[in-house]
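**Student:** Please see the structure below; I have some questions.
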Amino acid sequence: MNPICNRDCFHCPYEDCINDELLLEDYQVEKEIDLLSGAREYKTPKAIRASNKKYYEENKEKVAAARKKYYEENKEK
């Protein structure tokens with residue numbers, strides 16, 4: 001007989017309970033907890049673009065060489 005899941009894994013009374021189902025509400029709550037706790041930083045698209053721009057400006061030669069190498073290897077495609 002399978003135990004009825006109360007979806008509170010941290011306080012689950014069943015030792016053998018395995019719940020692989022993740023609902024949208026569960027995901028949103030976990031993401032909010034992670035953000036509040038500082039466990040993970042979620043970057044916004046604006047922050048990602050700024051970070052990429054900064055990297056490209058600091059490594060112009062390296063990026064240009066990588067792009068040229070990629071183009072040479074894949075120009076047949």
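**Student:** Looking only at the range 41-77, count every residue that is modelled with pLDDT under 85 and surrounded by fewer than 10 Cβ atoms within 10 Å (Cβ to Cβ) and tell me the total. Even if it seems obvious, please write down each step before you answer.
**Tutor:** Of the residues in the range 41-77, the ones modelled with pLDDT under 85 are 41-48, 76-77.
Those left that are additionally surrounded by fewer than 10 Cβ atoms within 10 Å (Cβ to Cβ): 41-42, 44-46, 76-77.
Total satisfying the criteria: 7.
**Student:** Quick test of your reading of the structure: Asn6 fulfils all but one of (1) modelled with pLDDT of 75 or more; (2) surrounded by 11 or more Cβ atoms within 10 Å (Cβ to Cβ). Name the failing condition by number.
**Tutor:** (1)
The values are calculated or read from the model by the stated rules, or taken from the named source; none is laboratory data. As the structure is a computational prediction, the values presented were derived from the model and not from experiment. Cβ coordinates were reconstructed from backbone atoms using ideal geometry, including for glycine residues, and neighbour counts include every protein chain displayed.
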